[in-house]
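> A single structure is presented below for examination.
Values quoted throughout were computed directly from the atomic coordinates according to the rules given, and no laboratory measurement underlies them. No experiment lies behind these values; they were computed from the predicted model shown. Ideal geometry is used to build each Cβ from the backbone, glycine not excepted, and the neighbour counts take in all protein chains shown.
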Amino acid sequence: MTTTTVDGHAADHHDAHEDHGPPKGLKRWLFSTNHKDIGTMYLVFSLIMFFIGGAMAMVIRSELAVPGLQFVHPEFFNSMTTMHALIMVFGAVMPAFVGLANWMIPLMIGAPDMALPRMNNWSFWILPVAFGILLSTLLMPGGAPASGWTMYPPLVLQTGDAFPFLIFSVHLMGISSIMGAINVIVTIINMRAPDMTLLKMPMFVWMWLITAYLLIAVMPVLAGAVTMLLTDQFFGTSFFLAAGGGDPVMFQHIFWFFGHPEVYIMILPAFGVVSEIIPTFSRKKLFGHDSMVYAGSSIAFLSFIVWAHHMFTVGMPLTGQMFFMFATMLIAVPTGVKVFNWVATMWRGAMTFETPMLFSLAFVFLFTIGGFSGLMLAIAPADIQYHDTYFVVAHFHYVLVPGSIFAIMAGAYYWLPKWTGYYYSEKLGKTHFWLSTIFVNVTFFPQHFLGLAGMPRRIPDYSTQFADFNLVSSIGAFGFGLSQLIFVLVLLTAKKGAKADDRVWEGAHGLEWTVPSPAPWHTFTTPPKARIANEAFE
Amino acid sequence: MDELERKRNIRRTAILVAAVALAFYLGFILLGVMRA
Amino acid sequence: MIRKAFLSLLGLMAAGTAGADWAINMPEGVTELSKETYDLHMMVFWWCVAIGIVVFGVMIISLVKHRKSKGVEPATFSHSTTAEVIWTAIPVVILLLMAVPAAETMVKLEDSRDPDVSIVVTGYQWKWHYKYQDEGIEFYSSLARPSVDARRLDAGVDVNSVDNYLLDVDRPVVVPKGAKVRILLTSNDVLHAWWVPDLAIKKDAVPGIVNESWFRAEEVGTYRGQCAELCGKDHGYMPVVVEVVEPAAYQAWVDTRKDGDAKLASAQ
């Protein structure tokens with residue numbers, strides 16, 4: 001389709017890129033190829049999933065509040081833990097970061113849009129279908145999948161009618177993520193403003209580039225693993241069936257080859273967001289920009305050679321256990337570099353504490369606590385005691401909730417005035433922050449104690465000695481869940497505040513702050529000079 | 001960089017990355033086939 | 001500020017720390033390796049505390065002193081190779097200090113040679129089967145009756161009135177004190193994991209594979225654990241109970257078990 005041929009298509013194509021406003025009504029969203037609209041849809045979708053997954057967490061915490069079964073049967077409890085994890089990982093955290101990427105990467109690198117806008121539309125619209133299928137399994141005979149989000153065979157093969165739907169929805173989520181990742185890579189490689197070299201890219205863009213490469217490498221691996229589950233169930237293969245000469249442990253190796261990079265997929269963009277916000281509110285340039293890039297890349301590389309630390313109790317040879325223990329411990333080094341760089345960025349800055357900064361600071365504190373328990377888990381003999389207990393639950397919730405989710409919240413508050421053109425209510429934002437931070441600790445800190453005292457994870461009922469901390473944790477969980485409603489209130493009142501100027505925040509630097517607030521439907525139709533935006537730093 | 005060349009580069013990067021993804025998918029299934 | 005709020009909450013909790021109910025740490029256990037594991041756990045924990053004090057300390061000083069409201073002008077530095085090298089090198093050294101003892105313990109954990117007693121443990125949905133290899137004793141071990149009666153939805157029984165709720169079985173494993181006991185683990189259906197915290201054993205039971213682990217209990221007592229790998233709806237209801245007894249008592253137990261089994265066989 002070149003512009004030299006005079007036909008209807010070319011004319012339409014040309015029209016769509018004129019600078020008049022978006023089409024009205026449903027068509028704007030359904031057929032959207034605009035990175036800002038698609039970004040908005042991703043973010044709204046992930047917020048909805050956040051509340052659905054959160055509701056499931058409330059079911060879990062209600063049942064666990066006191067010993068004995070009060071509300072649900074064990075099968076349904078297992079479905080809740082499984083669905084909560086799948087929805088939060090693939091429906092809330094990942095799409096939220098893709099949404100931020102869609103909105104901000106083109107603005108940060110001075111591109112008019114994502115490189116492949118129609119594929120962008122596809123990768124979003126696959127998601128509601130995937131999660132519609134996944135959620136519909138709740139109504140199927142045999143119930144929703146209940147074998148944990150890790151889908152270990154042989155247990156997963158005991159799933160009822162939901163099984164093929166589980167596999168299909170995981171495939172769809174994978175396809176969506178892969179297409180999103182292709183788009184990010186292609187955009188960053190080919191669409192940067194003329195004088196923006198790779199090492200001049202903002203940290204959010206860098207971390208997303210690394211994340212996208214991880215996605216390309218591991219989402220297909222997950223797809224391969226679940227494909228093999230599907231053929232084991234329906235087509236007579238025995239990849240993972242001991243009776244047919246297969247190996248159930250091989251699934252775990254393949255799953256965690258995906259699963260470990262996956263946890264970095266959920267945290268590297270968070271590092272990126274925080275690395276944008278801390279310099280802004282410290283009014284000081286990010287300390288060690290290049291070393292942050294190298295640390296991020298090292299984490300990405302190491303994430304491929306540590307997967308079996310999820311499997312220390314599975315019966316590996318001693319040398320294997322040694323290798324995975326040492327490799328896992330090494331990850332602490334680049335992660336430490338990142339934390340030290342953030343602290344050095346704050347050091348001798350001139351800090352103010354608006355909501356995005358508060359969330360970012362809580363991120364640095366609480367993610368580091370999650371990192372500490374991660375280091376403890378790396379020690380293989382100790383991990384044998386921690387494995388599959390609430391200590392692990394506490395660990396990964398610390399890196400995911402006050403880690404990933406706080407970073408997403410921080411990013412949402414940070415860029416909200418750029419998206420809407422108005423300042424949100426700082427008072428509501430701070431209330432949201434303080435309640436979230438208090439309750440997230442009340443929820444998850446006692447779970448460390450529970451795990452150490454011997455409470456296994458994924459159980460609907462427990463011995464009475466675990467009663468006290470479970471009650472504390474449940475109270476915290478409800479507090480945290482309710483606090484998130486304040487965020488909805490912030491969004492509903494987002495346009496009631498003062499008008500935001502282009503720069504929005506006093507200390508903000510970067511191309512995204514050179515366009516008007518709200519960012520118009522089309523931006524950077526002609527490439528900007530990156531130097532203009534960064535002049536203050538040069 | 002002229003527009004046509006940029007389009008070609010975009011297509012090339014996209015195909016390359018998609019091929020890598022496909023290779024990982026098929027490669028890991030092949031791994032399963034060989035182990036089983 | 002976050003920490004302060006949380007610490008005061010912890011203080012409230014500590015006030016109620018009378019019984020074992022508020023247990024916050026790993027048990028030291030009753031084997032050499034469980035004690036070594038505990039020591040490793042505490043060593044890494046204290047390293048984390050130390051690193052935390054330094055990192056959070058610097059951060060808190062910064063948060064207090066370097067605020068715009070105090071009228072400070074932001075500094076302009078943004079790079080220091082020296083600093084980067086230092087905070088890459090120091091963690092590497094600390095990690096080496098942790099890795100050496102961890103590796104030593106791991107070598108011991110894997111050495112299940114020359115056992116005194118060998119027990120084949122098979123996981124079932126949802127109970128355990130034990131077979132003493134040399135003594136010819138075998139039996140199933142499932143959740144004890146009082147827990148079974150109390151565990152259902154709307155059971156109408158107060159679970160607090162049940163002794164060792166969900167942690168008691170009808171027939172425990174009996175092993176002699178001071179003997180090296182080798183556990184050979186496998187499964188009949190899905191994955192399970194055999195876990196007793198006080199013995200520092202946790203190993204997966206995998207269908208088609210036999211895993212090995214071992215322990216040498218140094219103290220007489222009853223040690224309780226649970227299945228630790230999701231195995232379906234009753235995953236939470238298949239506890240493990242190990243009774244460690246004096247060698248003489250163990251021999252007596254073996255003899256009565258054998259007699260009982262022989263009588264059963266002749267009656268049939």
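> Using 0.36 nm times the number of residues separating C:ARG145 and C:VAL93, minus their current alpha carbon distance, what extension gain do you get?
Extra length available between C:ARG145 and C:VAL93 comes to 13.4 nm.
> Continuing with the same structure: With 18 Å as the cut-off, how large is the P(r) tail for segment A:357-405, expressed as percent of Cα-Cα pairs?
The calculated P(r) of segment A:357-405 puts 30 percent of pairs beyond 18 Å.
> Beyond 14 Å, what share of the Cα-Cα pairs of segment C:186-250 remains, rounded to the nearest whole percent?
60 percent
> Further question on the same structure: If you wrap a convex hull around the alpha carbons of segment A:94-156, what volume per residue comes out, as a whole number of Å³?
Convex hull of Cα atoms, per residue: 112 Å³.
> Which percent of Cα-Cα pairs in segment A:197-236 sits in each 5 Å bin, short to long?
Whole-percent P(r) values from 0 Å outward: 6, 20, 15, 13, 11, 9, 8, 7, 5, 4, 1.
> Could you list the chymotrypsin sites (Phe, Trp or Tyr not before Pro) in segment A:165-219 that lie in coil according to DSSP, counting only those with at most 14 other Cβ atoms within 10 Å of their Cβ?
The qualifying sites: there are none.
> To the nearest 500 deg cm²/dmol, what mean residue ellipticity at 222 nm is calculated for the protein assembly as shown from DSSP H runs of n ≥ 4 alone, each contributing -39,500 (n - 2.57), summed and divided by the residues?
Result for the protein assembly as shown: -19500 deg cm²/dmol, rounded to the nearest 500.
> Let me know the longest stretch in chain C that avoids all trypsin sites (Lys or Arg not before Pro) found in a DSSP loop with at most 14 other C-beta atoms within 10 Å.
That gives C:153-268 as the longest site-free run.
> While we're here: Return the FRET efficiency for the residue pair B:LEU16, A:LEU26: r is the Cβ-Cβ distance, R0 is 45 Å, and the value is rounded to the nearest 0.05.
Plugging the Cβ-Cβ distance into 1/(1 + (r/R0)^6) gives 0.80.
> Also, quick follow-up: Along its principal axes, what span do the Cα atoms of segment A:387-538 show, with the longest given first and each in whole Å?
Sorted largest first, the three principal extents are 65, 33, 24 Å.
> Still on this model: Based on Cβ point charges of +1 for Lys and Arg and -1 for Asp and Glu, what charge dipole magnitude is obtained for chain A about its Cα centre, in debye rounded to the nearest 20?
Dipole size: approximately 980 debye.
> Using the Kirkwood radius over C-alpha pairs as Rh, can you work out the diffusion coefficient of segment C:52-131 via Stokes-Einstein at 10 °C, viscosity 1.306 mPa s, in µm² per second?
Rounded, D is 83 µm²/s.
> Using a Förster distance of 22 Å, how high is the FRET efficiency between C:GLN133 and C:ALA248, based on the Cβ-Cβ distance and rounded to 0.05?
E(calc), rounded to 0.05, equals 0.55.
> Is there a simple number for the mean count of other chain Cβ atoms within 10 Å of the Cβ of residues in C:55-63, and what is it?
The shielding value for this peptide is 5.
> For segment A:221-370, take N as its residue count and report Rg(C-alpha) divided by 2.2 N^0.38 Å.
Taking N as the residue count of segment A:221-370, the ratio is 1.37.
> Please compute the average number of Cβ atoms from other chains found within 10 Å of each residue's Cβ in peptide A:355-362.
1
> What does the net charge come to around A:MET250 if you take all other residues with beta carbon closer than 14 Å to its beta carbon, with K and R at +1 and D and E at -1?
-2
> Something else now. How big is segment A:210-268 along each principal axis, measuring the range of its Cα positions in Å and listing the largest first?
41, 18, 12
> Which whole-angstrom value gives the distance between the alpha carbon centres of chain B and segment A:22-45?
28 Å
> State the percent of C-alpha pairs, over all pairs in segment C:18-99, separated by a distance greater than 16 angstrom.
73 percent
> Can you report the principal axis dimensions of segment C:163-204 using only the alpha carbons, biggest first, rounded to whole angstrom?
That works out to 31, 30, 18 Å along the principal axes.
> Also: Let me know the mean shielding of A:370-377 by other chains, meaning the per-residue number of their Cβ atoms within 10 Å of its Cβ.
Per residue, the number of nearby Cβ atoms from other chains is 4 on average.
> While we're here: Using unit Cβ charges (K, R positive; D, E negative) and no other charged atoms, how large, in debye to the nearest 20, is the dipole of segment A:445-508 about its Cα centre?
Charge dipole, segment A:445-508, about its Cα centre: 200 debye, nearest 20.
> Still on this structure, I have one more. Could you list log10 I(q)/I(0) for segment A:260-319 at q = 0.25, 0.27 Å⁻¹, which the Debye formula gives when each Cα is one point scatterer?
-1.03, -1.11
> Per the Kirkwood definition applied to all pairs of different Cα atoms, how many angstroms is the hydrodynamic radius of segment A:426-490?
Here the Kirkwood hydrodynamic radius works out to 12.8 Å.
> Could you give me the radius of gyration and the Dmax of segment A:56-161, taking only the C-alpha atoms into account and expressing both in angstrom?
My reading of the Cα-based Rg and Dmax gives 18.2, 58 Å.
> At q = 0.15, 0.30 Å⁻¹, what log₁₀ I(q)/I(0) does a Debye calculation on the Cα points of segment A:158-215 give, no solvent, two decimals?
-0.55, -1.16
> Using DSSP to call loops (not H, G, I, E or B), can you name the chymotrypsin sites (Phe, Trp or Tyr not before Pro) in segment A:223-323 whose Cβ has at most 12 other Cβ atoms within 10 angstrom?
Here the sparse-neighbourhood loop sites are A:PHE235.
> Find which of A:PRO106, A:ALA378, A:PHE324 sits farthest along the positive direction of the dipole of chain A, computed with +1 on the beta-carbon of Lys and Arg, -1 on that of Asp and Glu, about the Cα centre.
Projecting each Cα onto the dipole axis, the largest value belongs to A:PRO106.
> Something else about it: What is the Cα centroid distance between segment C:175-227 and segment A:453-526, reported in whole angstrom?
Centre-to-centre distance over Cα atoms comes out at 43 Å.
> At q = 0.16, 0.19, 0.27, 0.28 Å⁻¹, what log₁₀ I(q)/I(0) does a Debye calculation on the Cα points of segment A:310-380 give, no solvent, two decimals?
With no solvent term, the Cα-only Debye profile gives -0.67, -0.81, -1.20, -1.24.
> Dividing the alpha-carbon radius of gyration of segment C:92-145 by 2.2 N^0.38 Å (N being the number of residues), what value is obtained?
1.83
> In square nanometres, what is the average projected area of the Cα convex hull of the protein assembly as shown?
About 37.5 nm², averaged over all directions.
> With Rg and the Kirkwood Rh both taken from Cα atoms, where does Rg over Rh land for segment A:448-538?
1.31
> Going by amide H atoms built from the backbone, whose H comes under 5 Å of the H on C:VAL174, apart from near neighbours?
Here the answer is C:GLU243, since their amide H atoms fall under 5 Å of that of C:VAL174.
> Rounding to the nearest 20 debye, state how big the charge dipole of chain C is about its Cα centre with +1 on each Lys and Arg Cβ and -1 on each Asp and Glu Cβ.
Its charge dipole is roughly 1220 debye.
> Report the semi-axes of the equivalent ellipsoid for segment C:41-182 in whole Å, largest first, where each axis is √(5λ) for an eigenvalue λ of the Cα gyration tensor.
54, 28, 11
> Turning to a different aspect of this structure: Translational diffusion coefficient of segment A:191-295 at 4 °C, 1.567 mPa s, Stokes-Einstein with Kirkwood Rh over Cα pairs, in µm²/s as a whole number.
79 µm²/s
> Local charge sum around C:TRP126 (other residues, Cβ-Cβ under 10 Å, Lys/Arg +1, Asp/Glu -1)?
Charge balance near C:TRP126 sits at 0.
> Round to a whole angstrom and tell me the spacing of the C-alpha centers of segment A:414-450 and segment A:96-159.
Rounded to whole Å, the Cα centres lie 25 Å apart.
> Still on this structure, I have one more. Across chain C, what fraction of all alpha-carbon pairs, as a whole percent, falls in each successive 5 Å bin from zero upward?
1, 5, 8, 12, 13, 12, 11, 9, 7, 6, 5, 4, 3, 2, 1, 1, 0, 0, 0
> Give the average over all directions of the projected area of the C-alpha convex hull of segment A:122-173, one decimal, in nm².
Spelled out: convex hull of the Cα atoms, projected over all directions, averaged, 3.3 nm².
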